[in-house]
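Only one structure is covered here, and it is reproduced in the block below.
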Amino acid sequence: MEKIKMDTPLVEMNGDEMTRIIWEGIKEELIRPFVDLNTEYYDLGLKHRDETGDQVTIDAAEATKKYSVAVKCATITPNAQRMEEYDLKEMWKSPNGTIRAILDGTVFRKPIVVKGIEPYVKNWQKPITIARHAYGDVYKDVELIADEPGEAILSFKGESGQEKSMTIHNFDGPGVILGMHNLDESIESFARSCFKYALDMKEDLWFGTKDTISKQYDHRFKDIFEEIFIAEYQKDFDKVGIEYFYTLTDDIVARVMRSEGGMIWACKNYDGDVMSDMVASAFGSLAMMTSVLVSPKGYYEFEAAHGTVTRHYYRHLAGEETSTNAMATIFAWSGALRKRGELDGNRYLIAFANNLEKASIDTIEAGNMTKDLASLSSIKGQTLNTFDFLKTVRQQLESNLK
């Protein structure tokens, strides 16, 4: 069959370790045989980030602004051990954090649901989407060790000359101090991304913070969401028949646990980090969690929600067989290809992306899956290694496309 053409490139960001191996396997088995793949390529592998002083990460984010759609492989955020292992010049920041700050978006994470793998929360019948604010809070914090008695002060000096300060705590002995911030502009983008996504998905939007305790910081989030919703989105929500509501975080958690799912749960940055892992694990596996960064300016960056699968990578390097789940990375590619097709009016590319996802799910539901899913699934079948799974998905895809 003739390959599907792509008029506009999407930004391709390669990554690290086992996911980098899978990345190439997906392109060779599941995309290039069917699509005349057109990408602008950036190598975000840790060695290349180090060689470029992390400029490659900034360049990839700026390219996403140009082309609107990106697909990203999982990458390493280095710690002290990685500094030594890779002989790095610097302990580079999270590339995800850098990209999110430049694109000013919200991360939407949603589990891939397949027959045979039941959620641990028995009443969850529909996927739960986590909308994670992608700026500030603990990820942009500053910290100090108070190593003797003394006074910790929070202060602000405005350009106009105004000054504000207040005592954080009077220390009688050693302790630790944390400072966080956020921006009205970023919170507004977070709110608009959530409201637009809810309208696109036609799903209710729930949002919770701890404004009873954090009467200014968290309350700022609550007020901005409410103001934007009433001014810009309430009429559209009413037309579609979906709901937005705010309540405290602990109440949201209780409601989510009692629900059947099917909503978008908006979370501040750290809450979203933790709760997306909780939702993914409760639905079965972190390797079955899709992730897309959506900017209100019209930028989209698709990736898997999991890490680089280091343990499997070193087994692979030793020549041992691995059974690594590629589903979230496959769905990152299908999501990016579908969005490219939607923006370009390319119905063939949209149909291919839908077929790729269906073939992947059909493969698992037919009993052909990697080791992590075989241990969870009630469907009896065969456990496949990393590359045989991709080949089996290709066979299913070819069958679906006939």
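The values are calculated or read from the model by the stated rules, or taken from the named source; none is laboratory data. Quick caveat: nothing in here was measured; it's all calculated off a predicted structure. Don't worry about glycine lacking a Cβ; one is built from the backbone with ideal geometry, like all the others, and counts go over all protein chains shown.
Of all residues in the range 280-320, those that are over 26 Å from Arg82 (Cβ atoms) and among the charged types (D, E, K, R) total 1. Hey, can you tell me all the residues within the range 248-269 that are touching a Cys at 6+ places or on another chain (Cβ under 8 Å) and more than 21 Å from Tyr139 (Cβ to Cβ)? Across the range 248-269, the qualifying residue is only Ile264.
Once the range 301-332 is narrowed to residues that are part of a helix (DSSP H, G or I) and among the β-branched types (Val, Ile, Thr), the residue that is modelled with the lowest pLDDT is Thr310.
Note on the range 259-279: residues that are surrounded by fewer than 19 Cβ atoms within 10 Å (Cβ to Cβ), modelled with pLDDT of 90 or more and farther than 21 Å from Met201 by Cα total 3.
Of all the numbered requirements in (1) buried (at least 20 other Cβ atoms within 10 Å of the Cβ); (2) in contact with a strand residue (DSSP E or B) (Cβ under 7 Å, 6 or more places away or on another chain); (3) at pLDDT 95 or above, Ser193 misses one, and that requirement is (3).
Among residues that are surrounded by fewer than 21 Cβ atoms within 10 Å (Cβ to Cβ), over 18 Å from Phe283 (Cα atoms), assigned by TED's automatic domain parsing to the domain that holds Glu28 and among the aliphatic types (A, V, I, L, M), Ile361 is not included.
Once the range 200-257 is narrowed to residues that are surrounded by 13 or more Cβ atoms within 10 Å (Cβ to Cβ) and among the small types (Gly, Ala, Ser), the residue that is nearest to Pro119 (Cα to Cα) is Gly208. Applying a threshold of 7 Å to beta carbon distances and a minimum spacing of six or more residues, or different chains, the list of pairs starting in the range 251-274 at a residue that is among the β-branched types (Val, Ile, Thr) and ending at one that is part of a helix (DSSP H, G or I) reads Ile264/Cys194; Ile264/Tyr197; Ile264/Ala198; Ile264/Met201.
Glu342 meets the conditions (1) under 20 Å from Lys66 (Cα atoms); (2) in contact with a Cys (Cβ under 8 Å, 6 or more places away or on another chain) in every case but one. The failed one is (2).
For the range 52-63, filtered to residues that are in contact with a Phe, Trp or Tyr (Cβ under 6 Å, 6 or more places away or on another chain) and hydrophobic (A, V, I, L, M, F, W, C), the residue that is farthest from Tyr299 (Cα to Cα) is Val56. Residues satisfying the criterion are present in the range 394-402 (criterion: part of a loop (DSSP other than H, G, I, E, B), modelled with pLDDT under 95 and farther than 22 Å from Pro111 by Cα).
Of all residue pairs spaced 6 or more apart or on separate chains, those with beta-carbon atoms under 6 Å, a first member in the range 153-180 that is farther than 21 Å from Lys140 by Cβ and a second member that is basic (Lys, Arg) are Glu163/Lys157.
Scanning the range 280-291 for residues that are in contact (Cβ under 8 Å) with a residue 60 or more places away in the chain, surrounded by fewer than 24 Cβ atoms within 10 Å (Cβ to Cβ) and under 14 Å from the mean Cα position of the chain (by Cα) yields a single hit, Ala287. Pairs linking a residue in the range 329-357 that is polar (S, T, N, Q) to a residue that is modelled with pLDDT under 95, with Cβ atoms under 8 Å and 6 or more positions apart or on different chains, are Thr329/Ala304; Asn346/Asp7; Asn355/Asn400; Asn355/Leu401. Scanning the range 195-243 for residues that are assigned to a helix (DSSP H, G or I), hydrophobic (A, V, I, L, M, F, W, C) and either more than 23 Å from Ser259 (Cα to Cα) or touching a helix residue (DSSP H, G or I) at 6+ places or on another chain (Cβ under 8 Å) (or both) yields a count of 12.
If a residue has to be among the polar types (S, T, N, Q), in contact (Cβ under 8 Å) with a residue 24 or more places away in the chain and assigned to a loop (DSSP other than H, G, I, E, B) to count, how many in the range 15-60 make the cut?
At the first step, the residues of the range 15-60 found to be among the polar types (S, T, N, Q) are 19, 38-39, 52, 55, 57.
With the extra rule that they be in contact (Cβ under 8 Å) with a residue 24 or more places away in the chain, the set shrinks to 19, 38-39, 57.
Those left that are additionally assigned to a loop (DSSP other than H, G, I, E, B): 38.
Qualifying residue count for the region: 1.
Out of everything in the range 364-395 that is of a type in the set (S, T, N, Q) and more than 27 Å from the chain's Cα centre (by Cα), what residue ends up being surrounded by the fewest Cβ atoms within 10 Å (Cβ to Cβ)? Please lay out each step first, then the result.
Here is the first cut: in the range 364-395, the ones of a type in the set (S, T, N, Q) are 368, 370, 375, 377-378, 382-383, 385-386, 392, 395.
Add one more test, that the residue is more than 27 Å from the chain's Cα centre (by Cα), and what stays is 378, 382-383, 395.
Details: Ser378: 8, Gln382: 11, Thr383: 16, Gln395: 13.
Of everything passing the filter in the range 364-395, Ser378 is surrounded by the fewest Cβ atoms within 10 Å (Cβ to Cβ).
Exactly one residue out of Leu30, Leu10 is in contact with a strand residue (DSSP E or B) (Cβ under 8 Å, 6 or more places away or on another chain), crowded, with 22+ Cβ neighbours inside 10 Å and over 28 Å from Met83 (Cα atoms), and it is Leu10. If the condition is being more than 12 Å from Glu301 (Cβ to Cβ), within 17 Å of the chain's Cα centre (by Cα) and either crowded, with 20+ Cβ neighbours inside 10 Å or hydrophobic (A, V, I, L, M, F, W, C) (or both), then the range 64-100 contributes Ala74, Thr75, Ile76. Considering the range 157-181 alone, what residues qualify as being closer than 30 Å to Trp265 by Cβ and either out of contact with any Lys or Arg (no Cβ under 8 Å at 6 or more places or on another chain) or crowded, with 20+ Cβ neighbours inside 10 Å (or both)? Once the filter is applied, which keeps residues that are closer than 30 Å to Trp265 by Cβ and either out of contact with any Lys or Arg (no Cβ under 8 Å at 6 or more places or on another chain) or crowded, with 20+ Cβ neighbours inside 10 Å (or both), the range 157-181 yields Leu178, Gly179.
Return a yes/no flag: does the range 317-333 have any residue that is among the polar types (S, T, N, Q) and out of contact with any strand residue (DSSP E or B) (no Cβ under 9 Å at 6 or more places or on another chain). It would help to see each step written out before you state the result.
Going residue by residue through the range 317-333, those that are among the polar types (S, T, N, Q) are 322-325, 329.
Among the residues that remain, those that are also out of contact with any strand residue (DSSP E or B) (no Cβ under 9 Å at 6 or more places or on another chain) are: 322, 324.
Yes, the range 317-333 has at least one match.
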